[in-house]
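Visitor: The structure under discussion is supplied below as structure tokens; questions concerning it will follow.
The values are calculated or read from the model by the stated rules, or taken from the named source; none is laboratory data. Being a predicted model, the structure only gives us computed values, none of them experimental. Note that we place each Cβ from the backbone using ideal geometry, even for glycine, and neighbour counts take in every protein chain shown. Side chains are part of the model used for accessible areas, which takes the heavy atoms of the whole protein and leaves out ligands, DNA and RNA. Shrake-Rupley method; radii C 1.70, N 1.55, O 1.52, S 1.80 Å.
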Amino acid sequence: MTTIITEAPRQARVPRSRAARSRGGRRSAGFWTYAALVAVLLGSLFPVYWSLIVASHDNDAIARVPPVLTPGGHLFENIARVFDTTAFGKAMLNSFIVSGSVTVSVVLFSTLAGFAFAKLRFRGRTSLLVVAIATTTVPHQLGIIPLYILMAELGWTGRLEAVIVPGLVTAFGVFFMTQYLSSAVPDELLEAGRIDGCSTLRLFWHVVVPAARPAAAVLGLFTFMQAWNDFFWPLVVLTPENPTVQVALSSLASGYTTDYALVLTGTVLATVPVVAVFAALGRQIIGGIMSGAIKG
């Protein structure tokens, strides 16, 4: 009996020591994980910080050795030069109109189409979805010439309609919302709504739209960024007197010599709306993720 009593605590102490070592291992892994995340974050933010630093100095700051790392006193002067050099205010307004219209349209039509493909039964549903997905494999550059001819026939060259209308709906948005709604909205919930007398439109508005809010925020963010950063098609179809912000930025970089302080000042100004949209929609994205985590 004495042997059993004295050996039992020794055996009980072994798992505790192993658990302590395993907890110590997890602490070590957590530290290095957070260190890697902080390093990636700092590396991602440095270009933005460097652009802001150069934007607050004159053009000579770009070639200084060692490089300047502290803000200067020429930021507001450079901002004034940006608006004096090109129609930057009009370009920002045009980009807001284009990006906002395209984002709202893509989210609305993609959610409608995704609901139809995911939850409604009709002939040719799979074939239409396959055709829509197949259009994503066609390079955008192949359609520039026929699209420009169409815009010229409609008399839209040089106008914002030529940039807005071709992007009102995207195949990626339709596919994205179809995949999300097929699992996010149970068929039983739709059947219960139909039993209560809801029409298809009411089902979409009261059942599908609240469930699709996290995916719609993600799609809206991606669409806004793509429309805001689009350069090639606005350069082709718009005039220098009616540009978008990316076309205006390219005009700042044109000339015999490049004024990097001027270009980076315009870049910082063009980045602010994207950051604001991300901050606004980011709460919806995180809220959707946390809601799914709690339900799981």
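Visitor: For Gly72, are the conditions met, namely being touching a helix residue (DSSP H, G or I) at 6+ places or on another chain (Cβ under 9 Å), of a type outside the set (Asp, Glu), surrounded by 10 or more Cβ atoms within 10 Å (Cβ to Cβ) and at pLDDT 85 or above?
Guide: no
Visitor: Would you call Val48 open to solvent by 20 Å² or more (accessible area, probe 1.4 Å), in a helix (DSSP H, G or I) and of a type in the set (Val, Ile, Thr)?
Guide: Values: open to solvent by 20 Å² or more (accessible area, probe 1.4 Å): yes; in a helix (DSSP H, G or I): yes; of a type in the set (Val, Ile, Thr): yes.
Criteria met by Val48.
Visitor: Please go through segment 83-104 and give me each residue that is of a type in the set (Val, Ile, Thr) and modelled with pLDDT under 90, ordered by number. Give the derivation first.
Guide: Taking segment 83-104 and keeping what is of a type in the set (Val, Ile, Thr), we get 85-86, 97-98, 102-104.
Answer for segment 83-104, where residues must be of a type in the set (Val, Ile, Thr) and modelled with pLDDT under 90: Thr85, Thr86.
Visitor: Follow-up question, since we're still on this one. What pairs come out if I take residues in segment 121-137 that are of a type in the set (S, T, N, Q) and pair them with residues that are at pLDDT 85 or above whose C-beta lies under 8 Å away, six or more apart or interchain?
Guide: Thr135/Ala171; Thr136/Ala171; Thr136/Phe172; Thr136/Phe175
Visitor: For segment 105-114: of the residues being hydrophobic (A, V, I, L, M, F, W, C) and in contact (Cβ under 8 Å) with a residue 40 or more places away in the chain, which is surrounded by the most Cβ atoms within 10 Å (Cβ to Cβ)? Steps first, please.
Guide: At the first step, the residues of segment 105-114 found to be hydrophobic (A, V, I, L, M, F, W, C) are 106-109, 112-113.
Okay, now just the ones that are also in contact (Cβ under 8 Å) with a residue 40 or more places away in the chain, so 106-107, 109, 112-113.
Working: Val106: 26, Val107: 22, Phe109: 16, Leu112: 17, Ala113: 21.
Of everything passing the filter in segment 105-114, Val106 is surrounded by the most Cβ atoms within 10 Å (Cβ to Cβ).
Visitor: Please note which helices (runs of 4 or more DSSP H) are completely contained in segment 134-253 and include at least 1 residues that are open to solvent by 80 Å² or more (accessible area, probe 1.4 Å) and of a type in the set (Ser, Thr, Tyr).
Guide: Details: elements: 144-154, 161-164, 171-184, 187-195, 200-203, 213-229, 232-237, 245-252.
Those helices (runs of 4 or more DSSP H) span 144-154, 171-184.
Visitor: So, one more: Which condition number in (1) without any contact (Cβ under 8 Å) to a residue 60 or more places away in the chain; (2) in a helix (DSSP H, G or I) is the one that Thr257 fails?
Guide: Only one criterion in (1) without any contact (Cβ under 8 Å) to a residue 60 or more places away in the chain; (2) in a helix (DSSP H, G or I) is unmet by Thr257, namely (2).
Visitor: Related question: Output the residues belonging to segment 64-78 that are closer than 13 Å to Ile53 by Cα and outside any loop (DSSP other than H, G, I, E, B).
Guide: Result: Leu75, Phe76, Asn78.
Visitor: Within segment 61-78, identify whether any single residue is closer than 30 Å to Pro240 by Cβ and of a type in the set (Lys, Arg), and answer yes or no.
Guide: Checked segment 61-78: no residue is closer than 30 Å to Pro240 by Cβ and of a type in the set (Lys, Arg).
Visitor: Being touching a residue at least 60 places away in the same chain (Cβ under 8 Å) and open to solvent by 80 Å² or more (accessible area, probe 1.4 Å) is the requirement here; does Phe117 meet it?
Guide: On the way: touching a residue at least 60 places away in the same chain (Cβ under 8 Å): yes; open to solvent by 80 Å² or more (accessible area, probe 1.4 Å): no.
Against the criterion (touching a residue at least 60 places away in the same chain (Cβ under 8 Å) and open to solvent by 80 Å² or more (accessible area, probe 1.4 Å)), Phe117 does not qualify.
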